[in-house]
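This report refers to the structure that appears directly beneath it.
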Amino acid sequence: MPSRAATILTVLSLLIAGPAMGFDSAFDSAFDLEAHRGGRALLPENTLPAFANALSIGVDTLELDVGITADGEVVVSHERGLNPDITRDASGAYVTPPGTPFVKLRLADVRTYDVGQIRPDSPYAKQFPDQRAMPGTRIPTLSELFALVRKSGNTRVRFNIETKIDPNHPDETLDPQSFVTKLLGVIEAEKFSDRVMIQSFDWRTLLLVQQRAPKMPTVYLTLQRGSGQTVALDKATNWTAGFSPADHGGSLPRTIKAAGGAVWSPYFGDVTAALIAEAHALGLHVVVWTVNKPEDMARMIEIGVDGIISDRPDLLRQVAGEKAIALPAGTPVEP
């Protein structure tokens with residue numbers, strides 16, 4: 001974890017470079033309807049079929065995750081490596097846990113795996129029993145996703161891209177600087193910079209994005225409970241790049257504002273109307289994850305969130321429509 005002095009120097013450099021573009025100036029929709037991993041309750045997560053389905057349904061934002069292969073290719077995947085719950089080898093057998101990290105595989109190796117069907121006996125299969133299997137589906141590159149969106153003719157859908165880096169497992173990914181350099185290189189080369197926001201639980205990558213691409217909104221992910229907890233109100237953690245809410249009145253919104261964030265993205269069970277109001281007063285937007293039940297979607301909208309990330313974008317459209325929220329038009333496309 002960087003020292004407090006190093007963190008202060010980083011923040012000062014961001015202030016000198018100028019503030020990040022505000023969420024409002026980058027995006028113009030009143031509510032952000034996001035398809036989590038493309039809508040994984042419906043089709044295999046983070047795949048071109050899932051993203052094509054989300055585009056066809058009509059969403060404001062495609063939410064996704066990325067990793068970097070050994071030969072420097074940016075691939076779309078929620079895990080830092082092959083996920084044994086969804087990945088089969090050329091023989092049709094599911095890979096054994098824990099799954100090889102992408103940083104140890106070349107893209108040609110990654111292409112040999114099939115991620116089109118959940119392992120039938122897994123907890124994942126019980127969580128999403130209605131996901132439609134698409135055997136033969138491969139892990140896509142970020143460039144292939146951008147190509148799909150171009151093919152769809154959709155000129156307004158946005159991308160919420162999560163950097164899959166874990167500060168507790170540095171050997172499983174590139175270092176933050178190299179990771180951000182590769183990711184921004186693809187985004188800039190594909191000319192999608194004005195439609196992308198970068199999200200992460202690992203705030204180191206967000207500070208780097210703010211330095212390298214100050215007009216690109218950064219989304220600060222947080223989880224305050226359970227074994228996967230990433231933030232604490234009384235101290236910095238390995239995830240928060242030296243920032244401690246204790247230095248900001250025990251307030252996560254104030255901490256994120258001090259770090260230079262545009263969006264706070266908490267687990268939906270961690271937010272209240274008062275916290276959302278506090279974030280709004282600071283100029284932050286609040287986009288919650290991952291909300292799949294209609295009653296929870298309705299409650300989040302009622303307490304004032306600016307967007308919802310959901311595995312069920314179809315249900316979220318229905319609930320949002322019932323709340324008189326303008327819905328994005330679909331752009332049907334085949335993967």
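Taken together, the values in this text are just the output of simple stated rules run on the coordinates, not laboratory data. Quick caveat, the model's predicted, so the values are computed rather than measured. Cβ atoms come from the backbone with ideal geometry, glycine included; neighbour counts cover every protein chain shown.
Points to keep in mind about this one:
- When the helices of the chain are scored as -39500 (n - 2.57) per DSSP H run of n ≥ 4 and the total is divided over every residue, the value at 222 nm lands at -9000 deg cm²/dmol.
- Sequence-separation-based contact order of the stretch 45-181, relative, with Cα cut under 8 Å and 6+ spacing, percent: 32
- Whole-number percent relative contact order across the chain, with pairs defined as alpha carbons under 8 Å at least 6 apart: 23
- Summary of the geometry: the stretch 176-228 and the stretch 68-118, compared by the centres of their Cα atoms, lie 22 Å apart.
- Largest GNM mean-square fluctuation among Ser227, Ser244, Ser265, using the chain with Cα springs under 10 Å: Ser227.
- Between Ala213, Ala35, Ala324, the Gaussian network model of the chain with springs among Cα atoms under 10 angstrom shows the greatest mean-square fluctuation at Ala324.
- Charges were assigned to the Cβ only: +1 to each Lys and Arg, -1 to each Asp and Glu. The resulting dipole of the chain about its Cα centre is roughly 300 debye.
- Antiparallel bridge percentage (DSSP; both residues within the chain; nearest 5): 20
- The ranking of Leu207, Leu221 from fewest to most other beta carbons within 10 Å of each one's beta carbon is Leu221, Leu207.
- When the Gaussian network model of the chain links Cα atoms closer than 10 Å, the mean-square fluctuations of Leu282, Leu48, Leu174 top out at Leu282.
- Packing here is the average count of other Cβ atoms within 10 Å per residue, and on that basis the peptides 75-87, 110-122, highest first, run 75-87, 110-122.
- Ratio Rg/Rh, restricted to the stretch 61-186 and using Cα atoms, in which Rh is the Kirkwood radius: 0.97
- Selection from Thr230, Asn168, Ile86, by position along the positive dipole direction of the chain (Cβ): Asn168
- Above-threshold pairs, the threshold being 27 Å between Cα atoms, out of Lys164/Lys235; Lys257/Lys293; Lys164/Lys191; Lys104/Lys126; Lys215/Lys323: Lys257/Lys293; Lys104/Lys126; Lys215/Lys323
- Placing unit charges on the Cβ atoms of the charged side chains and taking the dipole of the stretch 24-322 about its Cα centre, the candidate lying farthest along the positive direction among Ile276, Ser251, Leu64 is Leu64.
- Of Pro214, Leu315, Val291, farthest towards positive along the dipole that unit charges on Lys, Arg, Asp, Glu beta carbons give the chain: Pro214
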